[in-house]
1. Only one of (1) surrounded by 15 or more Cβ atoms within 10 Å (Cβ to Cβ); (2) of a type outside the set (Lys, Arg); (3) without any contact (Cβ under 8 Å) to a residue 40 or more places away in the chain; (4) in contact with a helix residue (DSSP H, G or I) (Cβ under 9 Å, 6 or more places away or on another chain) fails for Phe95. Which number is that?
2. Can you find, within segment 6-33, the residue that is surrounded by the most Cβ atoms within 10 Å (Cβ to Cβ) among those that are farther than 24 Å from Val58 by Cβ and aromatic (Phe, Trp, Tyr)?
3. What are the residues in segment 106-119 that are at pLDDT 90 or above, surrounded by 13 or more Cβ atoms within 10 Å (Cβ to Cβ) and not aliphatic (A, V, I, L, M), if any?
4. Could you check segment 28-54 and list, in sequence order, the residues that are within 15 Å of the chain's Cα centre (by Cα) and not aliphatic (A, V, I, L, M)?
5. For segment 91-116, enumerate the residues that are within 24 Å of Asn17 (Cα to Cα) and not polar (S, T, N, Q).
6. Using the structure shown, decide if Asn62 is free of Cβ contacts under 8 Å to residues at least 40 places away in the same chain and out of contact with any strand residue (DSSP E or B) (no Cβ under 7 Å at 6 or more places or on another chain).
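The values are calculated or read from the model by the stated rules, or taken from the named source; none is laboratory data. Predicted, not measured: the structure shown is a model, and the values here were computed from it. Please note: Cβ atoms are built from the backbone with ideal geometry, for glycine as well, and neighbour counts cover all protein chains shown.
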Amino acid sequence: MILNDLKIFSQNIWKNNLIVNTVLEVNSNFDIIFIQEPSWSTIRFIPSFSNYEEEPLVGVANHPNWLTFTRVSDSVNDFPRVVIYINIRLSFLCFSLYKDVINHRNILLVSFFNNNDIF
């Protein structure tokens, strides 16, 4: 059963992208990483239908070996304070984010399937 072997790591990174990238690179033996206080920054500018100038696309650090889970912010002052990174090797477990149950910037509710059970 996967729950016996699940390795979880949690780190407050104080809005520092260098720490996030280091944590994701160094901790590849973990299955789930919880990041507190992620750095939200402009990834790139995208075309906009409502504005003649391009709109900024704001997000957190991504890594090819990790799936990123976070809630969508409603405004600039409401960015989530928690991000979950799930190792890509666990993608077969079909993780789901439950924003309809709780939609808070400090709390993420995630489930996954294993042997027809939901955790």
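1. The failed condition is (4).
2. Phe30
3. Correct list: Ser111, Phe112.
4. Hits for segment 28-54 are Phe30, Asp31, Phe34, Gln36, Glu37, Pro38, Ser39, Trp40, Ser41.
5. Leu97, His104, Arg105, Ile107, Leu108, Leu109, Val110
6. In short, no.
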